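The values are calculated or read from the model by the stated rules, or taken from the named source; none is laboratory data. Values in this document were obtained by computation on a predicted structure and should not be read as measured data. Quick reminder, even Gly has a Cβ in these numbers, built from the backbone with ideal geometry, and neighbours come from all protein chains shown.
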Amino acid sequence: MKVLILAGGKGTRISEYTREIPKPMIRIGGKPILSHIIKLFESYKFNEIIIAAGYKNLIIKNYFKNKKKFSKIKVFDTGKNTMTGGRILRLKKYFNKNENFFMTYGDGLSDINLKKLKKFHEKHNKIATVTAVRPPIRFGELNVGNNNIVNKFEEKPQLKSGWINGGFFILNYEVFKYIKNDSTLFEREPMEKLTKKRNLIAYKHNGFWKCVDTLKDKLYLEEIYKKNKRKWIK
């Protein structure tokens, strides 16, 4: 299965670094977040990586161009101001009809079992599977029923309890029908429509997950790395 990583945002909430580099290139333990994410996928033998870059995309392109071990990685400029859904849509031609593919963001680290996620998606045969996690509420909240069907999706609500969007997806080619243009935010209209059609299912992950959204998050992960407790490394 191919892996699509969204890495084009401006990362304004961690501007201490993103004035100079894209957020996915912020280093944890001396290596960019992107490298950690790619290592996770490669550890499960998912080696065909497509990176949807945008803001300061040349920094990402040059990094992987100069690393021989990343020869299978393709980096595409999907526009500086393109929204998440638009970045996915721009790369439609690199996927085949009926194909399933991984999609994740370039700022989240996890110890998720990708083979179990794949098996879960194939078993339920939905257009989209989203990984549900339980960190502090700052992201899209998922209301998940007993049969794992997503009953409601709400992007970045006020503090509530429950499951939230952990960012590790498996999508079917059919998902492109739910994305209109560059201005489409994937976490809004597409996920809301998939929910209404009962075509979005949640894979519950109770293990480690952390998104690098602020300087505090970055320092937290650095501390874990220094103590050799790199929970996201298989």
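Taking region 18-129 as the region of interest, the helices (runs of 4 or more DSSP H) fully inside it that hold 2 or more residues being hydroxyl-bearing (Ser, Thr, Tyr) are 33-43. Among the residues of region 156-171, is any surrounded by 16 or more Cβ atoms within 10 Å (Cβ to Cβ), modelled with pLDDT of 95 or more, part of a loop (DSSP other than H, G, I, E, B) and on the phi < 0 side of the Ramachandran plot? No: zero hits. Screening region 130-139 for residues that are closer than 24 Å to residue 25 by Cβ and assigned to a strand (DSSP E or B) and picking the one that is modelled with the lowest pLDDT gives 133. Of the set (1) touching a helix residue (DSSP H, G or I) at 6+ places or on another chain (Cβ under 9 Å); (2) at pLDDT 95 or above, all apply to residue 192 but (1). When 180, 204, 216 are screened for being out of contact with any Pro (no Cβ under 8 Å at 6 or more places or on another chain), farther than 26 Å from residue 90 by Cα and touching a residue at least 60 places away in the same chain (Cβ under 8 Å), only 204 passes. Selection within region 176-225: residues that are over 27 Å from residue 97 (Cα atoms) and among the hydroxyl-bearing types (Ser, Thr, Tyr). The member of this set that is surrounded by the most Cβ atoms within 10 Å (Cβ to Cβ) is 225.
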